[in-house]
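Student: Structure below; questions to follow.
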Amino acid sequence: MFAACFNNRFTSALVYYVSLLLLILVSPLLLIWELVNTVPSCFRCKENMSGKVVLITGASSGLGELIAYEYAKLGAYLAIIARNKPESRLEQVAHRARELGSPDVLFVFADVSKVDECRMFVDETVKHFGRLDHLVCNAGIGQVYCISSDVTKFTQVLNTNFWGSVYPTHFAVPHLKKTNGKIIVNSSLGALLGAPGGCVYNASKAALISFYESLRFEVSPTVTITILMLGFIQTDFITAKYTRLKKDLRDVVPTMEAEPCAKVVVDGIRKGATYITEPRIFKTNVLLKLLFPQVHHFFYSCFSSLVENYKSSL
Ligand SMILES: NC(=O)c1ccc[n+]([C@@H]2O[C@H](COP(=O)([O-])OP(=O)(O)OC[C@H]3O[C@@H](n4cnc5c(N)ncnc54)[C@H](OP(=O)(O)O)[C@@H]3O)[C@@H](O)[C@H]2O)c1
């Protein structure tokens, strides 16, 4: 009977519109539920990081570097990872983290898109410190491609952003189970909002959400997972030099400073947040897209012209 009901175009549309109506009717209750959940989280105990071991990928610059400094100020031991490039600042980051309060910092050059190198840096971290408490999968690349760009370049985005988080997670989980540890994965609001020009990047970040939401069922409650959903943050990532667009994105869209973002992220992780969305205002965009996809499409189409103008350089 149910199958007949849902295979019928009229009844399935009716169910959809009745569900929408119910959603509108219960929305005041949802608001109260959101507040009831938010207020206690302000008072939730933060994990004491002193003496804990944190492994951060992509820590030679930007958010990874600043997240490392936040953990260092809390007295955590750090293992930081980035590729071996002549201009790499990884060693300087290690030095600064020690100055800020980390008792010991191990820096390892590795490429997260290579499975053997991920096994190597997880093993080296555990060998050096004897344990692992937090794995922060942060390394990522964000070149802007359109569908007519060289298609062979798309693979590297998935290899770094998706597999570059999954591989270290695979090797770290047995160690994190021993310490009731945490996995933190740096996805992006682009995964949910689908901003123009970001089809490959956004797809790689959407895959992360899907992977880690499913993984939660496998590893919880022993290991907890925090998914970062960030908007545009002021790092090299959004500069014209990096994206190969004509303008820095900070001149075109609302952006957040990187240091306060890193502080909020580490605070949220210590409180055991399931998701961290920054800037918070973007939660409205997510809701808008869910409830009124056409309005969201119109709104974001305005930004499309921006990308159209830049296509020649992609
Ligand atoms: N900035 C934003 O607006 C924004 C918004 C949402 C999400 N995010 C995410 O935040 C993360 C950090 O980005 P960011 O803004 O801080 O940019 P960033 O300054 O360019 O940092 C990227 C980091 O990843 C490392 N990395 C890149 N490819 C790697 C690889 N194959 N193996 C190991 N390390 C690699 C880079 O180091 P090397 O190049 O030295 O290897 C660098 O340390 C990314 O995952 C990004 O997608 C950023």
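The values are calculated or read from the model by the stated rules, or taken from the named source; none is laboratory data. This one's a predicted model, so the numbers in the text were calculated from it and none came from an experiment. Ideal geometry is used to build each Cβ from the backbone, glycine not excepted, and the neighbour counts take in all protein chains shown.
Student: Here are some conditions: (1) crowded, with 21+ Cβ neighbours inside 10 Å; (2) farther than 24 Å from N285 by Cα. V166 meets all but one. Which one does it not meet?
Tutor: (1)
Student: One residue is enough: does segment 34-45 have a residue meeting the conditions surrounded by 11 or more Cβ atoms within 10 Å (Cβ to Cβ), of a type in the set (D, E) and closer than 30 Å to Y77 by Cβ?
Tutor: No, there is no match, as no residue in segment 34-45 is surrounded by 11 or more Cβ atoms within 10 Å (Cβ to Cβ), of a type in the set (D, E) and closer than 30 Å to Y77 by Cβ.
Student: T160 versus (1) surrounded by fewer than 21 Cβ atoms within 10 Å (Cβ to Cβ); (2) of a type outside the set (D, E, K, R); (3) within 14 Å of the chain's Cα centre (by Cα): which is the lone unmet condition?
Tutor: (1)
Student: Among the residues of segment 56-80, which ones are without any contact (Cβ under 8 Å) to a residue 60 or more places away in the chain and not in a helix (DSSP H, G or I)?
Tutor: Listed by number, the residues that qualify are S60, G75, A76, Y77, L78, A79, I80.
Student: Moving on to the next point. It is to be established whether one or more residues within segment 230-245 are at pLDDT 95 or above, surrounded by fewer than 16 Cβ atoms within 10 Å (Cβ to Cβ) and not aliphatic (A, V, I, L, M).
Tutor: Among the residues of segment 230-245, not one is at pLDDT 95 or above, surrounded by fewer than 16 Cβ atoms within 10 Å (Cβ to Cβ) and not aliphatic (A, V, I, L, M), which makes the answer no.
Student: Just to be sure, is Y69 of a type in the set (F, W, Y), within 15 Å of the ligand (Cβ to nearest atom) and under 20 Å from D267 (Cα atoms)?
Tutor: Yes, satisfied.
Student: Shifting gears a bit: Please determine, by comparing only the residues of segment 109-168 that are within 14 Å of the ligand (Cβ to nearest atom) and of a type in the set (G, A, S), which one is farthest from I276 (Cα to Cα).
Tutor: A110
Student: Find the residue count for segment 81-108, including only residues that are more than 9 Å from the ligand (Cβ to nearest atom) and under 15 Å from G164 (Cβ atoms).
Tutor: Of the residues in that region, 1 qualify.
Student: Please note which strands (runs of 3 or more DSSP E) are completely contained in segment 90-190 and include at least 2 residues that are of a type in the set (F, W, Y).
Tutor: 105-109
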